[in-house]
1. Around ASP210, what is the net charge, scoring Lys/Arg as +1 and Asp/Glu as -1 over all other residues with Cβ under 15 Å from its Cβ?
2. Just want to confirm a number: the relative contact order over the chain, from Cα pairs under 8 angstrom separated by 6+ residues, in percent.
3. List the lysines whose Cα sits under 28 Å from the Cα of LYS124, skipping any in the same chain fewer than 8 residues away.
4. Amide H neighbours of ILE33 under 5 Å, at least 5 residues apart or on other chains, H built in the peptide plane: list them.
5. Which percent of Cα pairs goes in each bin when the distances of the stretch 185-245 are cut into 5 angstrom slices starting at zero?
6. To the nearest 20 Debye, how big is the dipole of the stretch 23-75 about its Cα centre, given +1 on the beta carbon of each Lys and Arg and -1 on that of each Asp and Glu?
7. How large are Rg and Dmax for the stretch 74-220 when calculated on the C-alpha trace, in angstrom?
8. Just to confirm a number: summing +1 for Lys and Arg and -1 for Asp and Glu over residues other than LEU143 whose beta-carbon lies under 15 angstrom from that of LEU143, what do you get?
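Only the coordinates and a few stated rules stand behind these numbers; no lab work does. Everything numeric in this text was worked out from a predicted model, so none of it was measured. Cβ sites come from the backbone with ideal geometry, for glycine too, and all protein chains shown count toward neighbours.
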Amino acid sequence: MNGSFIDTHCHFDFPPFTGDEAASIQRAAAAGIDKIIIPSTEADNFSRVLALAERFPALYAAIGLHPIVVERHTDDSLAQLEAELARKPPKLVAVGEIGLDLYRENPLFERQEYLLDAQLRLAKRYDLPVILHSRRTHDKLALHLKRHCLPRTGVVHGFAGSLQQAERFVQLGYKIGVGGTISYPRASKTRDVMARLPLSALVLETDAPDMPLNGYQGQPNRPERIAEVFTHLCSLRPESPEQIAHAIHQNTRALFPGL
């Protein structure tokens, strides 16, 4: 399979990549991954993520406030986010990682919703797509997205919901992130969703260093494993690998015009 892949979600500012960026980018390039989007998780990460994108041609930045660390985000964090968006750094391609999460014991959910709405408004104002986190919140997230009606939409990353929930996001104009979960035979629901969604709805991601693929449990995930995610996706879909690779590349470029 000739062609190049884009990892739409890699926390490249975390270990094991910290201090090993050039070698890690080379490893990814050898596997056909020529672009990597780094979403941030909190305001303290913004400058690091933006600096990485500035320093390495293969890297692109997204900045946003992640719901899993909701207690670290203040109104000042939102002001910092807006100040960076207003600056329009050349390799900033999205607002993210933002979203909702009901996994934690005390999720501070109203605060999460407030921060999500504020960031969706900023994405709309600055005409950027969003990279969305959603855990046990797909229906609630879809309501927020419908209400804000972003012209650039975005991607629901790490999706593990039902086909009906995925189709609702797709109807709203959002892409679905396909990652290492589909490498697990036991993940039959997610595998079925990725097999049945329209090809025009899919983009590839690793969520590295998280979400290791089957066979790599206990090891940090890495961007070069996008190539293996792609192989697994091909085994689930009726289209040829060439068709799938071309469509996913087109989907990603259309969603993130800054790439």
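1. -3
2. 20 percent.
3. Result set, ordered by chain and number: LYS35, LYS88, LYS91, LYS140, LYS146, LYS175.
4. Amide H neighbours of ILE33: PHE5.
5. All Cα pairs considered, the percentages come to 4, 16, 28, 25, 18, 7, 1.
6. It comes to approximately 280 debye.
7. For the stretch 74-220, the Cα-based Rg and Dmax read 15.8, 45 Å.
8. +1
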